[in-house]
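Everything on this sheet refers to the single structure shown next.
The values are calculated or read from the model by the stated rules, or taken from the named source; none is laboratory data. Remember, predicted model here, so these are calculated numbers, not experimental data. Positions of Cβ are backbone-derived with ideal geometry, glycine not excepted, and every protein chain shown enters the neighbour counts.
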């Protein structure tokens, strides 16, 4: 029997776009417009007839919360004997911006994004942000169970090596503090907010100094993220010496 969703798909005026989107999702959507909005970055915001500006930021906010919940549930079921600290670290590793960008690219989200900022500093996390917005769209359209199925079947199971992730270092700031204590070298961080073209959200720029010598610099959408990025660069530099 041909489903109603398939009939709507065939009758759609935007068949090419939807034909590419369905394999990415693994199902036929009901509310197509919310998926289109999920890929509109704020640098390419749409201005409606009433003057309001729309993009994927609200969906990103929703998707971020839903993703956190589903990953927490997944890890809770997968690691039945691990404590809260381990589970929190594993979730943090999965949703780290750099990791989310990589996952989003692997499943092909880059082919759908509408943006004027991909090649700018503001586009650094565009893929991961769009993935969260897409998750928000799925949740609105299909609810929790379908969203969970998408995250598990399309992202977690095929693209994450959990054994490798367990041993991956991500807290480079703590590692640098440990290094400084062991080597009796003073370290310090300097952070500031900067705004880039087409961006309404500040970018944080952090620098790490070891014995007053600049050893690493990083950027991020939060001070914590930029400091971790700077610490990672510094730690890698020290490891090569």
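The table that follows gives values for the structure above.
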| read-out | value |
| --- | --- |
| In region 83-111, residue surrounded by the most Cβ atoms within 10 Å (Cβ to Cβ) [restricted to those that are in contact with a helix residue (DSSP H, G or I) (Cβ under 8 Å, 6 or more places away or on another chain) and outside any helix (DSSP H, G or I)] | 107 |
| The listed residue being in contact (Cβ under 8 Å) with a residue 12 or more places away in the chain, in the same structural domain as residue 29 (by TED's automatic domain parsing) and under 21 Å from residue 18 (Cα atoms), out of 160, 94, 135, 70 | 135 |
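Per-residue answers, yes or no, for (1) in contact with a strand residue (DSSP E or B) (Cβ under 9 Å, 6 or more places away or on another chain); (2) at pLDDT 90 or above; (3) not in a helix (DSSP H, G or I):
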| residue | (1), (2), (3) |
| --- | --- |
| 134 | no, yes, no |
| 149 | no, yes, no |
| 182 | no, no, no |
| 190 | yes, no, yes |
| 196 | yes, no, yes |
| 204 | yes, no, yes |
